[in-house]
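Nothing in this text is a laboratory measurement; each read-out follows from the coordinates by a stated rule. These figures come from a predicted structure and were not determined experimentally. Virtual Cβ from ideal backbone geometry, glycine too; neighbours counted across all protein chains shown.
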Amino acid sequence: MATPVKHLLAAGTFVLAAFGLCAAPASAATEKNHPKAADVLKSKAKTKSSKAKKAAAGAAAGAAAAAAAATSPIDEPEPDITDTRVTDYACELGNKITIYTNEKDDSNIALRWKKRLHRLARVGTTTGALRFENKNYGLVWIGIPSKGILLDSKLNRQLANECKNADQAKPLVTAGLDEKKS
């Protein structure tokens, strides 16, 4: 019985050795075809850092362009408000707007918003609403009999809504209706 066990162990050792020899060239070939894990991690880190740098540069350029556009699209001079009629508007959320109009020039207004004075040019409408725009800053003022609205056309949002001057803020007089009831 000793000999078959020896033969069995020898055969097992031979199979393991053969398997080891066959596996060695395959693993060597995969090492040649595939870079080491450290190299892969380094190259991924490089691509991530270069992508991050490009994204940061793009974001910085975009932020700089946005800041330049917000501060001075064309560096318009502030409009002259001497000899103008002043109308103050109180808007929702505590916003304030002041509009300066000139009796001689109804095609332009000056609008004070957030400590800055802007010149807005009149745009014709079919509804009868007063519409004034400043295309450089993207400001749009729409005045209707019951209120005014200030819009930002570049960001597509409302800046101020429910803006009412002193006349618009007065309650409606219903005296005529009360007399008819009596």
For this session: Work through the residues other than K96 whose Cβ is under 15 Å from its Cβ and net out their charges, Lys, Arg +1 and Asp, Glu -1.
Result: +3
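Percent of alpha carbon pairs in the stretch 73-151 separated by more than 20 Å?
27 percent
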For this session: Please give the contour-minus-distance gain from E162 to L117: 0.36 nm per residue of separation, less the Cα-Cα distance, rounded to one decimal in nm.
Result: 14.2 nm
Exercise. Near K115, which aspartates and glutamates are there with a Cα under 13 Å away, not counting those fewer than 8 places off in the same chain?
Worked result: E78
